[in-house]
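Encoded as structure tokens, the structure appears first; notes follow it.
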Amino acid sequence: MQHFIDVILPIPLEKLFTYSVSQEAAKVLQKGMRVAVPFGKSKIYTALVYEIHTDPPKVYDAKDIHEVIDALPLVTPLQIDHWQWMAHYYMCTLGEVFRTAVPGAFLLESETFVLKNKNILPDESLLDDAEFLVLEALEHQESLKISDVSAILDKKTVLPMLNRMLGKKYILLKETLHEQYKPKQLRTVRLHDQFRSEGALSALLEELSRAPKQREVLLHLFQLQATAQKPISASELQTRSGASSGVIKSLVEKGILQEQMRTIDRIIYDGEATSTNKFQLSNFQEACLQQLKLSLTTKQVTLLHGITSSGKTEVYIKLIEEYLKEEKQVLYLLPEIALTTQLIERLQAYFGEKVAVFHSKYSQNERVEVWNNVLQNESKAQIVIGARSSLFLPFTKLGLVIIDEEHENSFKQYDPAPRYHARDAAIVLATLHKAKVILGSATPSLESFYNVQKGKYGYGFMDQRYGGVQLPEIELVDIKEASRKKRMNGHFSERLVKEISETLALKEQVILFQNRRGYAPIVECTTCGHAPQCPNCDVSLTYHQAKKQLRCHYCGYHMVLEEQCMACGSATLDTKGFGTEQIEQELLTLFPEAKVGRMDLDTTRGKYAYGKIIGAFAQKEFDILVGTQMVTKGLDFRHVNLVGIMNADSLLNFPDFRAHERSYQLLTQVSGRAGRTEKRGMVLVQTYNPFHSVLQQVVAGNYRAMYEEQMSQREQYHYPPTNKIIKISLKHKDYNSLNEAATWFGKALRNVFGAQILGPEFPPVARIRNQYIKQILVKIPRKQSLKQTKNSIKRIENSFNAISWYRSVRVIYDVDYF
Ligand code: ADP
Ligand code: ZN
Ligand code: ZN
């Protein structure tokens, strides 16, 4: 009998693809294993087995697979169920989910590049012929495509062998976005075996009495060895004994100490959870914990609504502990931007090496390590902290999911598909595992609070800060008046300048928030009015002073800023609006003595850059931190007593139905950074519109009032959470074709859905990377079937694609867009 497998290919195909396999292969193959398959004319892909059967495909001849890659499934059946939900819900293909879900290193294909790992010198006698040939070729060439390797070896089936080489770390994947993986090396020292006996040891110490410094080092080494069960690093010994590196070196040279280089697993924590890290919950925290536990007995999802600094993290920790006792796995999701070393350190200090971190800035190899540890249910990955992509890990015993800062919009993936919301996808994942979910926030999303109101989610509330610390005082500063009376100092009101001076005089720290990076978003000629635009996008170029550049924040285009206007040649260029760079500049003149740091996308590009700035600020290496929304996230600084919002209006006036909700969240969160210790903090909000209801609600800390007001608007205009929305974007490089196609699509939708359709309209930035964009919103009342609605939309798309000149228009669905 002929055997076949249906596989998921990591490309946007509407259907599974069928290949034929030998009888032996059919016997060993299981759902979730990888196979190498040919596709198209000459491509090779890594595909995932979905089903093994004996029905030949009807419309094409099944090709043979090249080879089986795995001996055991890499992906669990439950994961595949989850992917299928995701593909249906977010209107994308299973292949797109597959590609997003697994680390790239698992998906070798003909177009992948590999490099030699320069940190590993393999023993040539252990290499087989193929490995030797590949490594030799990589001596002469920096990198090879998988298809090149195929040619060199004259073999179609190279993926399993390359996977093995990757596993042995002989080769690396070429990663353009990620830093190369360098195994972290640790220099350790230990006493030479010949001094292990007591006699030899006392003789040695006796002999060293003439070299007291060396003797001192040895005594410290014994002490360290007595308490730690692990190898002692040279640097640790040096710090502890206070000796110079020279002293240790001479001990090594004399043969008293032995040196060893060890490769350490960079993800695991090498400290220990100590009893000093244990803490007691306060009464209100304990009460809340009990409430959550009770709620979780009847509800799958419970919202922990706790004001900033109420100690949500501590409550999570106690809850996690309960699930660890039952040997369950715990997933702790954080928004990308808040993945701070601060929180990771706190959890590691408590749970030691049970904590693994999964992060898109990590290299492929690091992600592969975590994946395997989770799949094997290793204790060193029992708790996974990560950004949204960590929900794709192969959990087998998931018991609890915590989604911290659940209101954050960075949980939503914009591009590419699947355009999923990690909070919602994690709740579905938890349902499949019969696991529980805690959503945490000081400023819950309207969606989650609505679900609490409906009785769908449980609720726990903490309205006090830990340790009786007071919430900061929030003051609105009217800059309309001040500007009119010309009493602004650049972008600083007198009030703000005064408070900053006083805070600095007390040796305390300041955070200033401006939601825009660069120096100014617009450069304009005062003579002719020309303002440089991006040639690829319909947006003006932002001026970056440090690099003397004009940059597009949508496509990355940049050019040098000329002294003269490019249109009329006058040297009368002026800027409009302001970003973090300009605030930093103004601070240098206003407070020449103060040390200023800046945190935005431009200063946090590298893997560790973000952590470095936070660390330096926490260590008081600078006094004022200027930043974009990055500074608003769950950071816990001890010495910040003043927070200044440079301009609240730009947030409030953002053209989006969530702008007010988001302003409330952002302003409340950034305010929460002030005064986290005994002394009451202060927040100054500069605005042209101090009577704006959202600002009033922020000042009063009145979440309920914000919720009620926004909900009535959402109901009235049929926006989430009372309605579901799907945003359909159409893109094309030709303006007229796009317009025509979008009108057609809009009409077809309106025929079915009538007034539920909004648009097509151009978004605020109507062209990005030379693609014109038009958007259509579909508003779907709660009682209308989402599934049928999506089917109707898909049917319309099929007719649309049947019109040949529309086919080149890209159609992108964003379900529950954020
Ligand atoms: P939130 O996440 O709610 O903003 P955190 O969990 O960051 O609050 O807590 C705020 C601060 O209070 C942190 O520095 C934390 O270590 C401290 N804290 C909170 N609860 C306790 C507790 N029970 N024992 C000791 N410290 C606590
Ligand atoms: Zn000009
Ligand atoms: Zn651009």
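The values are calculated or read from the model by the stated rules, or taken from the named source; none is laboratory data. A quick note: this is a predicted structure, and the numbers were derived from the prediction, not measured. Note: ideal-geometry Cβ built from the backbone for every residue, glycine included; neighbour counts use all protein chains shown. Protein only, heavy atoms only, side chains kept; ligands, DNA and RNA dropped before computing areas. Shrake-Rupley method; radii C 1.70, N 1.55, O 1.52, S 1.80 Å.
From largest to smallest, what semi-axes in whole angstrom does segment 110-178 give when each is the square root of 5 times an eigenvalue of its alpha carbon gyration tensor? The partial results should precede the final answer.
On the way: eigenvalues 52, 48, 24 Å².
Equivalent-ellipsoid dimensions as semi-axes: 16, 15, 11 Å.
For the listed residue pairs 397/612; 118/145; 731/779, the alpha carbons are over 24 angstrom apart in 397/612.
Nearest-5 percent of antiparallel DSSP beta bridges in the chain? Among the beta bridges of the chain, antiparallel pairing accounts for roughly 55 percent.
Sequentially through segment 129-143, phi angles give Karplus couplings (6.51, -1.76, 1.60; θ = phi - 60°) of 4, 5, 4, 4, 5, 5, 5, 5, 4, 6, 6, 8, 9, 4, 8 Hz, Gly and Pro residues having no value and appearing as x. Near residue 537: Cβ cut-off under 11 Å, other residues only, Lys/Arg at +1 and Asp/Glu at -1. The net charge is +1.
Considering segment 520-577, its Cα convex hull presents a mean projected area of 3.6 nm².
The length gained on full extension between residue 72 and residue 538, counted as 0.36 nm times the residue separation minus their Cα-Cα distance, comes to 162.7 nm.
By DSSP, the beta bridges lying fully in segment 276-466 are antiparallel in about 5 percent of cases.
Once backbone amide H atoms are built at 1.01 Å from N, residue 303 has 439, 458, 459, 460 as its partners under 5 Å, excluding neighbours fewer than 5 places away on the same chain. Between residue 481 and residue 555, the contour length at 0.36 nm per residue exceeds the alpha carbon distance by 22.8 nm. If you wrap the Cα atoms of segment 326-392 in a convex hull and average its projected area over all directions, you get 4.3 nm². Calculated mean residue ellipticity, 222 nm, the chain: -10500 deg cm²/dmol, from DSSP H runs (n ≥ 4) at -39500 (n - 2.57) each, averaged per residue and rounded to 500. Partnerless cysteines in the chain, where a partner means another cysteine C-beta under 4.7 angstrom, comprise 92, 288, 555. By the Stokes-Einstein formula, at 1.002 mPa s and 20 °C, segment 723-815 with its Kirkwood radius over alpha-carbon pairs has D equal to 161 µm²/s.
Take the Cα pairs of segment 3-108, get the Kirkwood Rh, then feed it into Stokes-Einstein at 20 °C and 1.002 mPa s and tell me D in µm²/s. Before the final figure, lay out the partial values.
Numbers: Rh = 13.8 Å.
The calculation lands on 155 µm²/s.
When only C-alpha pairs under 8 Å and at least 6 residues apart count, what is the relative contact order of the chain, in percent? Rounded, it is 10 percent for the chain. Potential lengthening of the chain between residue 795 and residue 765 amounts to 7.9 nm, from the contour at 0.36 nm per residue minus the alpha-carbon distance. Normalised radius of gyration (Cα atoms, divided by 2.2 N^0.38 Å) for segment 193-255: 1.07.
The convex hull of the Cα atoms of segment 580-685, projected and averaged over all directions, covers 7.3 nm².
Can you give the accessible area per residue of the chain, in Å², using a 1.4 Å probe?
46
Counting residues in segment 276-466 as N, plug N into 2.2 N^0.38 Å and put the Cα Rg over that result.
Numbers: Rg = 15.5 Å, N = 191, 2.2 N^0.38 = 16.2 Å.
So segment 276-466 has a normalised radius of gyration of 0.96.
Across segment 618-658, Cα-Cα pairs more than 15 Å apart make up 54 percent of the total.
Using only Cα atoms, what Kirkwood radius does segment 642-767 have, in angstroms?
Details: mean 1/r = 0.0570 Å⁻¹.
About 17.5 Å, per the Kirkwood formula over Cα pairs.
Inter-label distance, residue 210 to residue 297: 7.6 nm, where each label sits 7 Å from its Cα along the C-beta direction.
For segment 69-209, what Kirkwood radius comes out of the mean inverse Cα-Cα distance, in Å? Provide the component values of the computation, followed by the final result.
Working: mean 1/r = 0.0524 Å⁻¹.
After inverting the pairwise mean of 1/r, the radius is 19.1 Å.
A simple spin-label model places the labels of residue 196 and residue 322 4.9 nm from each other, with each point 7 Å out along Cα-to-Cβ.
Can you tell me the FRET efficiency between residue 225 and residue 574 if r is taken as the Cβ-Cβ distance and R0 is 56 Å, rounded to the nearest 0.05? Walk me through the intermediate numbers first.
Working: r = 67 Å, r/R0 = 1.20.
E between residue 225 and residue 574, to the nearest 0.05, is 0.25.
Between the amide H of residue 70 and those of 34, distances stay under 5 Å, these residues lying 5 or more places away or on another chain, with hydrogens modeled in the peptide plane.
Once both labels are positioned 7 Å from their Cα atoms along Cα-to-Cβ, the gap between residue 693 and residue 279 label points is 3.8 nm.
So what is the relative contact order of segment 110-178, in percent, for Cα pairs below 8 Å that sit 6 or more residues apart? Spell out each step's value before the answer.
Numbers: 66 pairs, mean separation 34.9, N = 69.
For segment 110-178, the relative contact order is 51 percent.
Short-range pairs are left out: with C-alpha atoms under 8 Å and at least six residues apart, the relative contact order of segment 193-255 is 27 percent. Charges were assigned to the Cβ only: +1 to each Lys and Arg, -1 to each Asp and Glu. The resulting dipole of the chain about its Cα centre is roughly 1440 debye. Overall, the accessible surface of the chain at a probe of 1.4 angstrom is composed of carbon and sulfur to the extent of 50 percent. Once the Kirkwood radius over Cα pairs is known for the chain, the Stokes-Einstein relation at 20 °C and 1.002 mPa s delivers a diffusion coefficient of 71 µm²/s.
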